RNA sequence: GGUCUCUUGGCCGAGGGGUUAGGCAGCGGUCUGCAAAACCGUUUACGGCGGUUCAAAUCCGCCAGAGACCUCCA
């Protein structure tokens, strides 16, 4: 019997109990990156958010098929100016590369940085360019059902007709009349019957180098179609969860919803989930604002906005400290605080094997564990879960300090609890900095020195003992005296 | 201009009508030959003004400020 899980559904604007269509199977679709530039902070937020969801669903016993697409075609750029050019194509033209070369390069980069962030790989990672036929099939169905029309080789979705029959705007909470009154007059849209109609297929002009044959023209698919067709193909006409950044709610997901509804006659998705944005100094991080930080810059510190480098796990931890529906503002001070907090958590976990059980317990592990489940089940409340984990750290440190005691059973339970929630569910792991204490020979050598130091201390020759500690410190080895003797670690 | 959201202690951030969030930083203490780490304490904060209520940071109204979407975006 799986635990209850409540998720905030953008469509209904409420937290709803999660009930999969076909338990124990769960279908999860998340909008992945458009691979035309280096992955940045904004890519990390949905990746981390839905990674935790993926991990938790599996932990609860569901068999999850997680689909995260790669957009490698079809997103127009600079639509306002009426000079739509495919982003990947533009990059390819500027760099004189084969478009697929650009795509492959940035996919590799994306995977590399997602790995560093501890993001699990999705079950399927379909490419839009690999599903042109499927997208064309959907267009055909939409035309046949009378919800799209062909003009000069391009196909447009008839939004007015759709709105009359199904109602448009439920997801983003806006009505079409409002939008009509507030939509700017865009150039180059004379082909559309109605300003809000959107392209399903666009005829390629002579400058386009990415194009495919179709019934309508040599061209390329519209913006929103890939998610409709790939979601349908791999998860079925209706599936459980669709996720993405909240900037995609309108128009991307709204249009996707409309297309799919026309094709199948019913809504495609049960639960729509959207993560909030990253801000830099209170402003949304956006290409146009020129304030975005790539993940590489973050991990190396090479960006004017950064005082220092921050590790992938620090970034992950920092994002988990805020609820996914809240904006996260990045600042050096906040990241430094997160770094210290993560350090404390990891140190606590590393001490677990050193705990010695007593006959009785003064700590309540069962309640702690129960609260942790409650937190995650309440719409993935990771900040509260982290609070629970820090309570676990307090217990660990207190047992070491002999201020609390723990029996064997509770110790096993605490160990399992801390590792499961920190490593398996939040995906936080100790970072390999290449300076670990794993080197057996080094450990022996340092221990030899520590023994010398102990002997000096025993004869109260503190000058000698402090000298050894100082010399080791200059090599980056920190010595700490505990009740159970001296220990050391690399800084 | 339209739609919507937010405003919590030095900083970051949960919560959400009465009872400790948590992390970071600072300060005081314990431990220690010293140091580091750890532990304990730090006497409680919710934009302003009204209202509802026995009780409001939490609900309602107004005001101020910030942000998001309306256009590619994660």
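Among the residues of segment A:249-261, are any at pLDDT below 90 and touching a strand residue (DSSP E or B) at 6+ places or on another chain (Cβ under 7 Å)?
No, segment A:249-261 contains no residue that is at pLDDT below 90 and touching a strand residue (DSSP E or B) at 6+ places or on another chain (Cβ under 7 Å).
This table checks each residue for (1) assigned to a helix (DSSP H, G or I); (2) within 25 Å of residue A:123 (Cα to Cα); (3) free of Cβ contacts under 8 Å to residues at least 24 places away in the same chain; (4) more than 11 Å from RNA strand B (Cβ to nearest atom).
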{"site": "A:232", "(1), (2), (3), (4)": "yes, yes, no, yes"}
{"site": "A:247", "(1), (2), (3), (4)": "yes, yes, no, no"}
{"site": "A:279", "(1), (2), (3), (4)": "no, no, no, no"}
{"site": "A:303", "(1), (2), (3), (4)": "no, no, yes, yes"}
{"site": "A:319", "(1), (2), (3), (4)": "yes, yes, no, no"}
{"site": "A:322", "(1), (2), (3), (4)": "no, no, no, no"}
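Provide a single number: the residues in segment A:305-317 that are under 19 Å from the mean Cα position of the chain (by Cα) and either in a loop (DSSP other than H, G, I, E, B) or more than 23 Å from residue A:377 (Cβ to Cβ) (or both). Let's see the steps before the verdict.
First, the residues of segment A:305-317 that are under 19 Å from the mean Cα position of the chain (by Cα): A:310-317.
After this cut, where a residue has to be either in a loop (DSSP other than H, G, I, E, B) or more than 23 Å from residue A:377 (Cβ to Cβ) (or both) as well, the list is A:310-315.
Selection size over segment A:305-317: 6.
Can you find even one residue in segment A:108-125 that is in a strand (DSSP E or B) and surrounded by fewer than 19 Cβ atoms within 10 Å (Cβ to Cβ)? Before you say what the answer is, go through the steps one by one.
The first filter runs over segment A:108-125 and keeps only residues in a strand (DSSP E or B), leaving A:124.
Restricting the remaining residues to those that are surrounded by fewer than 19 Cβ atoms within 10 Å (Cβ to Cβ) gives A:124.
Yes - at least one qualifying residue is present in segment A:108-125.
Answer yes or no as to whether residue A:444 is in contact (Cβ under 8 Å) with a residue 12 or more places away in the chain and loosely packed, with under 13 Cβ neighbours inside 10 Å. Give the steps one after another, and end with the answer.
Details: in contact (Cβ under 8 Å) with a residue 12 or more places away in the chain: no; loosely packed, with under 13 Cβ neighbours inside 10 Å: yes.
So residue A:444 fails the test.
Restricting to segment A:381-409, give me the number of residues that are under 19 Å from residue A:359 (Cα atoms) and either buried (at least 22 other Cβ atoms within 10 Å of the Cβ) or in the same structural domain as residue A:484 (by TED's automatic domain parsing) (or both). Steps first, please.
Just the residues of segment A:381-409 that are under 19 Å from residue A:359 (Cα atoms), to begin with: A:395-409.
Narrowing further to those that are either buried (at least 22 other Cβ atoms within 10 Å of the Cβ) or in the same structural domain as residue A:484 (by TED's automatic domain parsing) (or both): A:395-396, A:399, A:406.
The qualifying residues number 4.
The values are calculated or read from the model by the stated rules, or taken from the named source; none is laboratory data. Remember, predicted model here, so these are calculated numbers, not experimental data. Cβ atoms come from the backbone with ideal geometry, glycine included; neighbour counts cover every protein chain shown.
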